[in-house]
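To start, the structure itself, in structure tokens.
Laboratory data are not the source of any read-out in this text; all were calculated from the coordinates shown. Please read all numbers here as calculations on a predicted model, not as lab measurements. All Cβ positions, even for glycine, are placed from backbone atoms using ideal geometry, and neighbour counts span all protein chains on display.
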Amino acid sequence: MDVPPHFAGTVEFAPGCRSSGKISHVLFDFDGTLSLIRHGWPDVMVPLFVEHLPKHPGESTKQVRRLAWEDIMRLNGKQTIYQMIQLADRIRQRGGTPQEPLWYKHEYLRRLDTLIAARKSAIRSGQRSPDELLVFHARRALDALCERGLTLHLASGTDEQYVIEEAELLGIADYFQGRIYGARDDYQSFSKQIVIQRILREASVAGDALLAFGDGYVEIENTKQAGGLAVAVASDEANHGSGQIDAWKRERLLGVGADAVIPDYRDIDHLLAVLLREESR
């Protein structure tokens, strides 16, 4: 793919990146892709895993943390309950007797709420701008896509009621016009793959009409399996607007087929010119 020379930041295209020029629907992940409200969630989930995982003889806490991190990140993008199912399975494999996965999920959410409650309160009170808790220029990206007449969808592994609440708090819910999907208690009724299939079926379009933005394995993998174009948002969540690509995200998302990698949305118009093949029209 020919890449115009006017990107202000770092944008990386995979060698096999090819756009059909037929994009009509865009799917976004939420946490880390648009929202930073839940930034730091692994710092809550990893200790929960470490606390409950029985150690093997001679195994260090550092080794258990590494195992927990890999298990958690391999399932990043899926509903939280799947990470808790994995935790219960690991406890069982190590000779322990786990709680039900839903117990671990509720305990994780309780702990996470103490981390993010102050951020939500600061937005509600006006102490912080919603844009401070959006990935850099995310609102501009949503505007740019809507200006082009594309239909936007949001799918998250976070529970649906929280995704809707936080999207409204950040002032971006209206971009999706009700097309916001998240985890449910009946977890088998929701997945990003189900959402993608529904988008394509209801719009009567092929997979090459879909463009996805995400920072987790699942949305990238599912989009590529459907024949769509996938952009990895390797956001530096700890440093808002740094323009730096998170190397860990980059490596793993390219590994599951991402067509392009960006640190944020500072180059959204030039990026869309390439992905939508506007410059050839």
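Do you know which of the residues in the stretch 29-74 that are in contact (Cβ under 8 Å) with a residue 40 or more places away in the chain and over 20 Å from LEU115 (Cα atoms) is surrounded by the fewest Cβ atoms within 10 Å (Cβ to Cβ)? Per the criteria, the residue is PRO54. Remark: GLY21 matches the filter, which requires a residue to be at positive phi and assigned to a loop (DSSP other than H, G, I, E, B).
For LEU169, the conditions (1) over 16 Å from the mean Cα position of the chain (by Cα); (2) more than 30 Å from TRP103 (Cβ to Cβ) all hold with the exception of (2). With a requirement of 3 or more residues that are of a type in the set (Phe, Trp, Tyr), the helices (runs of 4 or more DSSP H) lying completely within the stretch 70-183 that satisfy it span 101-125.
Residues considered: TYR187, TYR217. Of these, the only one that is within 22 Å of GLU12 (Cβ to Cβ) and hydroxyl-bearing (Ser, Thr, Tyr) is TYR217.
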